[in-house]
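Q: This structure is in structure tokens; I'll ask about it shortly.
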Amino acid sequence: MSFETISAAQFANKRRQQSVDLIDVRTPVEFREVHVQGAKNVPLDTLNPQTLMAARNGSADEPLYVICRSGARGAKACQAFVDAGFTNIINVDGGTMQCIQEGIPVQRGKKAISLERQVRIAAGLLVLTGSVLGYFYPLWCALPAFVGAGLTFAGITDTCGMGMLLAKMPWNQVRGNTNQTCSV
């Protein structure tokens, strides 16, 4: 069993024809920065397919559209629904960024540094620090090697430990605005 993937253009057409149930699985800070109007924020790290489907009040058989920044986290969320036994789950390929290109209405809020950029900044700083300190203290050369191994693992498995850690940091949390965030 698998899930369906549609383009942002196809999603735009669906939105024009009917009401859609859309969840955005990005972090609350990413969601606050920009999201498709009508989307509910259900961060991937807190996603519970059974609870979410139960909260849909009898419409569990209706299509559920899933979106993220570009499509990768959305695909992971869709697979979680499929693994839990749910069907009619649809990933919006290209995510929010492609929806903006297609002219789908979005809501903008406070600017933030994307999680992907935060990972690149952190990895770069760790490699730079380890390399400079490794020049004077050879044991510090292990730090850039560790980061390189982590990035290789992330590339192979499409799972980023540093990204998951950064997503839990205080600056990536939204406080006091729970009406847009649905942690189920």
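The values are calculated or read from the model by the stated rules, or taken from the named source; none is laboratory data. Everything quoted here is computed from the prediction, not taken from an experiment. FYI the Cβ positions are ideal-geometry reconstructions off the backbone, even for glycines, and counts take in every protein chain you see. Protein only, heavy atoms only, side chains kept; ligands, DNA and RNA dropped before computing areas. Shrake-Rupley method; radii C 1.70, N 1.55, O 1.52, S 1.80 Å.
Q: In percent, what relative contact order does the range 1-157 have, based on Cα pairs under 8 Å that are 6 or more apart in sequence? Write out the running numbers ahead of the final one.
A: Details: 215 pairs, mean separation 41.2, N = 157.
It comes to 26 percent, rounded to a whole number.
Q: Can you give the Kirkwood hydrodynamic radius for the range 11-120, in Å, rounded to one decimal and based on Cα pairs? Write down the numbers at each step before the final one.
A: Numbers: mean 1/r = 0.0707 Å⁻¹.
So the Kirkwood estimate lands at 14.2 Å.
Q: A follow-up question, please. Can you compute the radius of gyration and Dmax for the chain, using only the Cα atoms, both in Å?
A: For the chain, the Cα-based Rg and Dmax read 18.6, 65 Å.
Q: Amide H of E4: which non-local residues (sequence gap of 5 or more, or other chain) have their own amide H closer than 5 Å, using H built in the peptide plane?
A: The answer is I89, N91.
Q: Per residue, how much accessible surface does the chain expose to a 1.4 Å probe? Answer in Å², no decimals.
A: Numbers: 10420 Å² over 184 residues.
Ligands and nucleic acids excluded, the result is 57 Å² per residue.
Q: Provide, for q = 0.13 Å⁻¹, the log10 of I(q)/I(0) from a solvent-free Debye sum over equal Cα point scatterers in the range 84-184.
A: For the requested q values the scattering log ratios are -0.73.
Q: OK, next. Going by alpha carbons, how many degrees (0 to 90, nearest 10) lie between the helix axis of 142-157 and the longest principal axis of the chain?
A: 20 degrees
Q: Given a 1.4 Å probe and every protein chain left where it sits, what share in percent of the accessible area of the range 1-129 is carbon and sulfur? Mind showing how you got there, number by number?
A: On the way: 3170 of 6400 Å².
The computed percentage sits at 50.
Q: Same structure, new question: Count charges around R117 for me, please; just the other residues with Cβ under 14 Å from its Cβ, Lys/Arg as +1, Asp/Glu as -1.
A: Around R117, the surrounding residues sum to +1.
Q: Show me 115-121, 36-42 ranked by packing, highest mean number of other Cβ atoms within 10 Å first. Walk me through the numbers on the way to the answer.
A: Details: 115-121: 16.3, 36-42: 19.3.
Ranking, from highest mean packing down: 36-42, 115-121.
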